[in-house]
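Accompanying notes for the structure given below.
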Amino acid sequence: GKEQIVNSTVQQKGNYKVLVIQQVSPSFVLRYGNAVIGIVNKGFGQVKVRDGNTVSPQVERVEKKE
C-alpha cells in the first residue's frame, strides 16, 4: 500500500531504451515529472517455487564455491 523507490537501470535495446526494474512486485507506479502510469502483474504469486530453486524442471541451481 506504499510507494517506494526500487533499483533500476536504463538499457539500450536496438532502437529502444528499456527500463529494467530489479524487483518483482504485484504492481508498479512509474512517475516521470507529472506523467504517471501503473503496471499490474496479474501473474504475481501464481507460480510456486519448490525448495527455493526454480519453476522449471529443466533448470538446476548450482552454487559456486569461492
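The values are calculated or read from the model by the stated rules, or taken from the named source; none is laboratory data. All of these numbers come straight from a predicted model, not from anything done at the bench. Positions of Cβ are backbone-derived with ideal geometry, glycine not excepted, and every protein chain shown enters the neighbour counts. Calculation scope for accessible area: heavy atoms of the full protein, side chains included, ligands and nucleic acids excluded. Shrake-Rupley method; radii C 1.70, N 1.55, O 1.52, S 1.80 Å.
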Just checking, how many residues over region 12-48 are open to solvent by 70 Å² or more (accessible area, probe 1.4 Å) and over 12 Å from the mean Cα position of the chain (by Cα)? 16
Filter result (of a type in the set (Val, Ile, Thr) and surrounded by 10 or more Cβ atoms within 10 Å (Cβ to Cβ)) within region 1-11: VAL6
Considering each residue of region 1-24, count those that are small (Gly, Ala, Ser), within 28 Å of VAL47 (Cα to Cα) and at pLDDT 90 or above, and give that number. 1
